[in-house]
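Enquirer: I'd like to ask some things about the structure below.
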Amino acid sequence: MQSVYLSTGEFAKLCGVKKATLFHYDEIGLLSPERVESNGYRRYTEQQVLLFDLIDSLRSIGTPLEEIRNYIKHRSPQRLEELLEEKQEQLRRQEQEIRRLRRLMNNTLSELRQGRSAQCGAVTIEEQESCCLIVTPIPPECRQNDRLFLQTMGDHLRYCSQHRLFHHFPLGEVVRRQDFTAGDFHSSYLCSRVDQPLRSERLLRLPGGLHAVFYHQGGYDALPRSYEALFHYLTDHGYEAAGDVLEEDLLYYLSQPDDADYVLKIRVPVALKTK
């Protein structure tokens, strides 16, 4: 069967690209016309459409042009098999990353909407789901040393980033049960949620069940007053803390330019005091 030759314009239209792209591919030795006539007209064959499709597919997943050019120059069934297996694994990793980013966006949206609808300044007793956290201890010296606190935050963020553990954007903090019960509301850990339990020396599980929940509105400097309000509510209503306290940002600097409009959620598992 005789080959059908296509002009540059016909070939570009068939492939859905600009002629300039074909000129560039020819210039770098990636895809050249099958023949160039004496009058300078470039001619492509229909078989080269398949080659262009392969180039376009490889480019769409981030394959460098030089890598594609080297393959085309030395192509063989074995090299094609190796290339496709490699790209299949690359796509699998990209799909995992897309799923992680979708979870990150969905969870952050959920926190944002919760913050916008929160009734701030009052304690409610309600059911809360259990959650898993990655935690980083906050040295006591951080209370008087902002630079050390920032270093601790950097350590936490690097750990979560290296292990791709982010559940949603804002960080949280954990106040240990024994400290809260003693009236000490300083946080012992920075924390980030994870979707499920995993093997990590930094994993902390918080139980589900009945919780006292307080939505704090305002800057971080005013947080001790909210903790005091929560603490006194439990005392006055016959409850006691049954686990660690989780504090999470809902509305914060990413969405609120004024810290007076920040909203944080404070939750602590509770049980009725036994007489």
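The values are calculated or read from the model by the stated rules, or taken from the named source; none is laboratory data. Quick caveat, the model's predicted, so the values are computed rather than measured. Methodologically, a virtual Cβ is constructed for each residue, glycine included, from the backbone with ideal geometry; neighbour enumeration extends over all protein chains shown. Side chains are part of the model used for accessible areas, which takes the heavy atoms of the whole protein and leaves out ligands, DNA and RNA. Shrake-Rupley method; radii C 1.70, N 1.55, O 1.52, S 1.80 Å.
Enquirer: With the crude spin-label approximation of a point 7 Å out along Cα→Cβ, what separation in nm comes out for Ser38 versus His163?
Expert: Using points 7 Å along Cα→Cβ, the separation is 7.3 nm.
Enquirer: Calculate the tail of P(r) for segment 1-115: the fraction of all Cα-Cα distances greater than 25 Å, expressed in %.
Expert: For segment 1-115, the fraction of Cα-Cα distances above 25 Å is 42 percent.
Enquirer: Measure out, as a whole number of angstrom, how far apart the alpha-carbon centroids of segment 94-160 and segment 218-243 sit.
Expert: Taking the Cα centre of segment 218-243 as reference, the centre of segment 94-160 is 20 Å away.
Enquirer: Which GluC sites (Glu not before Pro) does segment 111-187 hold that lie in a coil by DSSP with at most 11 other beta carbons within 10 Å?
Expert: For GluC sites (Glu not before Pro) across segment 111-187 that sit outside H, G, I, E and B with at most 11 neighbouring Cβ atoms in 10 Å, the list reads Glu129.
Enquirer: Hey, if you put +1 on the Cβ of every Lys and Arg and -1 on every Asp and Glu Cβ in segment 1-160, which of Ala12, Ile55, His156 ends up farthest toward the positive end of that dipole?
Expert: So the residue we want is Ala12.
Enquirer: Something else: Figure the gain on full extension for Gln196 and Leu150 (residue separation times 0.36 nm, minus the Cα-Cα span) and round it to one decimal in nm.
Expert: Separation in residues times 0.36 nm, less the Cα-Cα distance, equals 13.8 nm.
Enquirer: With a 1.4 Å probe and all protein chains left in place, how much accessible area per residue does segment 73-132 have, in Å²?
Expert: Accessible area per residue, segment 73-132: 77 Å².
Enquirer: Per 5 Å bin, what is the whole-percent P(r) computed from every C-alpha pair distance within segment 92-227?
Expert: Reading the bins upward from 0: 2, 8, 14, 21, 22, 17, 10, 3, 1, 0.
Enquirer: Apply 1/(1 + (r/R0)^6) to the Cβ-Cβ distance of Leu104 and His24, taking R0 = 35 Å, and write down the FRET efficiency to the nearest 0.05.
Expert: So the FRET efficiency works out to roughly 0.45.
Enquirer: Expressed in nm to one decimal, what extension gain is obtained for the pair Leu254 and Thr181 from 0.36 nm per residue of sequence separation less their Cα-Cα distance?
Expert: In short, 23.1 nm is gained.
Enquirer: Between Asp236 and Thr45, what is the label-to-label distance in nm when each label sits 7 Å out along the Cα-to-Cβ direction?
Expert: It works out to 8.8 nm between the two label points.
Enquirer: Let's test the formula: R0 of 51 Å, r as the Cβ-Cβ distance of Glu95 and Gln119. What FRET efficiency results, to the nearest 0.05?
Expert: 0.80
Enquirer: Where a ≥ b ≥ c are the square roots of the eigenvalues of the C-alpha gyration tensor, would you call segment 94-140 rounded, which needs a/c under 1.5, or, failing that, prolate if a/b is larger than b/c, or oblate?
Expert: oblate
Enquirer: A further question on this structure: Taking a ≥ b ≥ c as the square roots of the eigenvalues of the Cα gyration tensor of segment 192-275, is the shape rounded (a/c under 1.5), prolate (a/b larger than b/c) or oblate?
Expert: Oblate, since a/c reaches 1.5 and b/c is not below a/b.
Enquirer: What is the chain by shape, rounded, prolate or oblate, if you read a ≥ b ≥ c off the alpha carbon gyration tensor as root eigenvalues and call it rounded for a/c under 1.5, prolate for a/b larger than b/c, and oblate otherwise?
Expert: prolate
Enquirer: Check each of the trypsin sites (Lys or Arg not before Pro) in segment 157-246 and keep only those in coil by DSSP with at most 13 other C-beta atoms within 10 angstrom; list them in order.
Expert: The qualifying sites are Arg164, Arg199.
Enquirer: What's the local net charge at Ala212, with K and R +1, D and E -1, over the other residues with C-beta under 11 Å away?
Expert: -1
Enquirer: Could I ask something else about it? Less than 12 Å Cβ to Cβ from Lys19, Lys/Arg counted +1 and Asp/Glu -1: what total charge do the surrounding residues give?
Expert: +1
Enquirer: Where does the charge balance sit around Gly9 when Lys and Arg score +1, Asp and Glu -1, over other residues with C-beta under 12 Å from its C-beta?
Expert: After counting each charged neighbour, the total is +4.
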